[in-house]
1. Can you spot a residue in segment 138-148 that is in a loop (DSSP other than H, G, I, E, B), more than 17 Å from Leu57 (Cα to Cα) and β-branched (Val, Ile, Thr)?
2. Looking only at segment 181-202, which residues are touching a residue at least 12 places away in the same chain (Cβ under 8 Å) and outside any strand (DSSP E or B)?
3. Being modelled with pLDDT under 95 and either surrounded by 19 or more Cβ atoms within 10 Å (Cβ to Cβ) or more than 20 Å from the chain's Cα centre (by Cα) (or both) narrows it down to one of Ala180, Ala150, Ala154, Ala124, so name that one.
4. Say we look at segment 68-78 and pick out the residues that are free of Cβ contacts under 8 Å to residues at least 40 places away in the same chain and polar (S, T, N, Q); which of these is nearest to Thr136 (Cα to Cα)?
5. Can you tell me which residue is surrounded by the fewest Cβ atoms within 10 Å (Cβ to Cβ) among those in segment 98-121 that are farther than 30 Å from Thr167 by Cβ and among the hydroxyl-bearing types (Ser, Thr, Tyr)?
6. I need every pair where a residue in segment 50-67 that is over 20 Å from Met89 (Cβ atoms) has its Cβ under 6 Å from the Cβ of a residue that is surrounded by 13 or more Cβ atoms within 10 Å (Cβ to Cβ), sequence separation at least 6 or different chains.
7. Would you mention how many residues in segment 97-137 are part of a loop (DSSP other than H, G, I, E, B), in contact (Cβ under 8 Å) with a residue 40 or more places away in the chain and under 17 Å from Asn66 (Cβ atoms)?
8. List the number of the failed condition for Asp52; all other conditions in (1) part of a helix (DSSP H, G or I); (2) at pLDDT below 95 hold.
Amino acid sequence: MISKRVIFVVVVVIAGIVGLTSMYFLNNKQKPTESVEPEQVVANLSNMDPGDFNSDLKSEYTKAYNLAVAANPQNALSAVVIDLGKDLMPEQTTIRYVFSSETDPGNNWTITFNHNGKSGLLRAIIPKDDYLGNPTPFDLKLWKVNHVSALQIAEKNGGLSWRENNTLQLVQLTLRNIGAENTLAWRVQYIGENSDFSINIEALTGKIFRE
């Protein structure tokens, strides 16, 4: 026969278990579920769709070309130089089209567009010795990769890592024939306070190009 003392102990144990269980569920119920805010991604040229810029680039080049041949019918596109601000925003972009001609061996003819909310453009004749040297005209059919794609390729191949460890001041992308075989390529140069990083990307294929 079970004694009253044993029954009392069992009842106390059961009551304790029930009490602890109730406290556990009560505490869990009172604690609000913590939500994790998704990381905000800043939209800039490092993650925007490169195709969104093709129409404006084509229109801009057409305007530059028409002005260049009006100044000299022998002018041909020899380089494109694009400066990006440190935040890589589209509105901080400056695009310069560089034309050259055999009839003017000492100068480059340039036209610059500033994408900073202001209208207008700047035309200038600059001695080759002062700017860009002697770039050679290139075949537009080889220009398949635009500057946004070139930047994003550079980002995946060392550019982003460099930016994370340095203070970026400017990214300059130069499209021109380079190397012994005059390969049309983008030279993407990250310019910082104390160091630089650069990489070459073929304008036709998007492959890394080593001179």
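The values are calculated or read from the model by the stated rules, or taken from the named source; none is laboratory data. No experiment lies behind these values; they were computed from the predicted model shown. Counting neighbours? That spans all protein chains shown, and the Cβs are built from the backbone with ideal geometry, glycine included.
1. no
2. Asn182, Glu193, Asn194, Ser195
3. Checking each option against the conditions leaves just Ala180.
4. Among those residues, the one meeting the criterion is Asn75.
5. Here the residue is Ser119.
6. Ala64/Tyr97; Ala64/Ile111; Leu67/Ile111
7. Initial filter on segment 97-137 (part of a loop (DSSP other than H, G, I, E, B)): 101-106, 116-120, 128-137.
Restricting the remaining residues to those that are in contact (Cβ under 8 Å) with a residue 40 or more places away in the chain gives 132, 135-137.
Retained after the next criterion (residues that are under 17 Å from Asn66 (Cβ atoms)): 137.
Residues that pass the stated criteria total 1.
8. (2)
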